[in-house]
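Note sheet for the following structure.
The values are calculated or read from the model by the stated rules, or taken from the named source; none is laboratory data. Remember, it's a predicted structure, so these values are computed and weren't measured experimentally. All Cβ positions, glycine included, derive from the backbone under ideal geometry; neighbour counts span all protein chains shown.
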Amino acid sequence: MSMSKRVAVVGLGGQAQKDHLPALADRRLVELVAVCDVDPQRVAVQAEQRRVPGFTDVGCLLREVRPDFAIVAVPHHAGREVITACAEAGVHVLKEKPFATDPHEAAELAALCEKTGIELMVTVQRRFHPIYAAALQLLDQVGTPYLVQGRYTFHSPDPAAGWRGRAKLAGGGCLADMGYHLIDLVLWYLGLPDRVLADTSAAAVRGAEYDAEDTALVHLAYDSGLYGSLLVSRSAGPKTEHLAITGPHGTLAIERGAVRLLDPAGQVVESLLREPAWPCSPAVQIDRFCRVLDGTQPNPSGPAAHLLIWGRQRASGLLTELKSAFSQVEIGFCYRPDHVHSKVDHLAERAHSNRCLPQLPASGSSRPSGGFSHTPSSNVGGTFQNLGPRRSTVPPVNRARVKRTLHPVNQAWGKRTWLPLANVVRLKLTVPLLNLV
């Protein structure tokens, strides 16, 4: 192990004050050399308390202090600017999740890190918590899993407050924020699912002005026969964090601070409890990043890990914006990894590069743009088939119950496009989900 690393903390909000700064105070591998925030009062308080220089401009900090790495805990929309400044100064980054707010930003940041040669690691604290690590060791005892159930909820009195209530600033709502941890555990324990069906809602507080989802329900399916669901909400109490994985020999039940191994009848076979000792996980995570920088440990959550998932799931923005455009339309989708590279890329490029929707077929059309074929039907139903072999059929729709009007597409597309509601009722798009991690 090399000499102690010099670290700066950029962003002095709750996460930094609760986790990162206390963790740094007790680490042998690091030395806190500066703090930074746009709020001068926060800077003054922490600089005096930690006895280090304080800055309100990250560029000034990097020029004057030149730390080895920075812990970046800023609002999601500010992350790219700070990472860019650090990369250009040759300063490594330990970043609070999420990695990026959209796939374009993810690709740009990954390319920037590669070009400048810096390491970037996203915080995944639960992987460094003893209980979650012990659960991974116990998982084999339940046999081949066939069911996973997760729930992460708490009640926020005002989900519209601040930047977290704005999808454009936050990059998503509860699913991209608190759900990040739950989904990371699923990927760590079970791997990437083969099919995903998800829905989100921003309706907990009627009349409030926010568009970042407060509740999300995600259904997962694996070709191995494993199925499950995840409920994430920042509007529904009580505060709960729970993950249960069931196999033929029992269930592994994981909560914050406890893991229990149950037999098939639900009786406890073994349990492990850990008294709170915060900030254990952030401290261990900082040590891990130091070892990543020394080259003695791999980076568990770098740009490559995120792009592997996002590269397979880059068309979900299409789903999200379709759902926002058609408030009374049910749109499902499934994930087919064998289709992604050759079939979905075209759709993703149209959705994100050209910023326009694929045109849904007119009556009698045999090949609409966007990679779907359509067989017209007398009852407005029909079959939309991806270019791959998997087919999903649209059930018949009662003409009398379908409002034959045109609905405007969300203005975020940058181009006003009109699509008939009848053509998208219960349409199943074979496209992957983005931003689950």
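Would you pick out the residues in the stretch 17-37 that are crowded, with 21+ Cβ neighbours inside 10 Å, of a type in the set (Gly, Ala, Ser) and modelled with pLDDT under 95? The one that is crowded, with 21+ Cβ neighbours inside 10 Å, of a type in the set (Gly, Ala, Ser) and modelled with pLDDT under 95: ALA23. Among what's in the stretch 163-181 and is aliphatic (A, V, I, L, M) and crowded, with 21+ Cβ neighbours inside 10 Å, pick the residue that is nearest to GLY150 (Cα to Cα). It comes out as LEU175. Summed over the stretch 38-77, residues that are of a type in the set (Gly, Ala, Ser) and in contact with a Gly (Cβ under 8 Å, 6 or more places away or on another chain) total 3. Summed over the stretch 84-101, the residues that are in a loop (DSSP other than H, G, I, E, B) and farther than 16 Å from VAL74 by Cα give a count of 3.
Screening PRO53, PRO98, PRO130, PRO40 for residues that are surrounded by fewer than 18 Cβ atoms within 10 Å (Cβ to Cβ), within 26 Å of LYS18 (Cα to Cα) and modelled with pLDDT under 95 leaves exactly one candidate, PRO130. Scanning the stretch 201-211 for residues that are within 21 Å of HIS181 (Cα to Cα) and either assigned to a loop (DSSP other than H, G, I, E, B) or touching a helix residue (DSSP H, G or I) at 6+ places or on another chain (Cβ under 8 Å) (or both) returns a single hit, ALA202.
Please determine whether any residue of the stretch 136-149 is in the same structural domain as ALA176 (by TED's automatic domain parsing), among the small types (Gly, Ala, Ser) and crowded, with 22+ Cβ neighbours inside 10 Å. Taking every residue of the stretch 136-149 in turn, none turns out to be in the same structural domain as ALA176 (by TED's automatic domain parsing), among the small types (Gly, Ala, Ser) and crowded, with 22+ Cβ neighbours inside 10 Å. The set of residues from the stretch 102-115 being part of a helix (DSSP H, G or I) and either buried (at least 17 other Cβ atoms within 10 Å of the Cβ) or in contact (Cβ under 8 Å) with a residue 40 or more places away in the chain (or both) comprises PRO103, HIS104, GLU105, ALA106, ALA107, LEU109, ALA110, LEU112, CYS113, GLU114. Regarding the stretch 131-141, can at least one residue be identified that is touching a His at 6+ places or on another chain (Cβ under 9 Å), within 30 Å of GLY295 (Cβ to Cβ) and part of a helix (DSSP H, G or I)? Within the stretch 131-141, not a single residue is touching a His at 6+ places or on another chain (Cβ under 9 Å), within 30 Å of GLY295 (Cβ to Cβ) and part of a helix (DSSP H, G or I).
Quick check, is GLY191 farther than 26 Å from PRO238 by Cβ and touching a His at 6+ places or on another chain (Cβ under 7 Å)? The answer is no for GLY191. Is it the case that some residue within the stretch 148-161 is without any contact (Cβ under 8 Å) to a residue 24 or more places away in the chain and under 30 Å from GLU275 (Cα atoms)? Checked against the condition, which is being without any contact (Cβ under 8 Å) to a residue 24 or more places away in the chain and under 30 Å from GLU275 (Cα atoms), the stretch 148-161 yields at least one hit. Only a single item in (1) of a type outside the set (Asp, Glu); (2) exposed (fewer than 13 other Cβ atoms within 10 Å of the Cβ); (3) in contact (Cβ under 8 Å) with a residue 40 or more places away in the chain is not met by GLY266, and it is number (3). There is at least one residue in the stretch 37-48 that is assigned by TED's automatic domain parsing to the domain that holds GLY13, touching a strand residue (DSSP E or B) at 6+ places or on another chain (Cβ under 9 Å), polar (S, T, N, Q) and assigned to a helix (DSSP H, G or I). Is it fair to say VAL74 is in a strand (DSSP E or B) and touching a residue at least 24 places away in the same chain (Cβ under 8 Å)? It is false that VAL74 is in a strand (DSSP E or B) and touching a residue at least 24 places away in the same chain (Cβ under 8 Å). Among the residues of the stretch 291-300, those identified as out of contact with any helix residue (DSSP H, G or I) (no Cβ under 6 Å at 6 or more places or on another chain) and either loosely packed, with under 12 Cβ neighbours inside 10 Å or without any contact (Cβ under 8 Å) to a residue 24 or more places away in the chain (or both) are GLY295, THR296, PRO298.
Residues in the stretch 273-290 that are surrounded by 15 or more Cβ atoms within 10 Å (Cβ to Cβ) and not β-branched (Val, Ile, Thr): PRO279, CYS280, SER281, PRO282, ALA283, GLN285, ASP287, ARG288, PHE289, CYS290.
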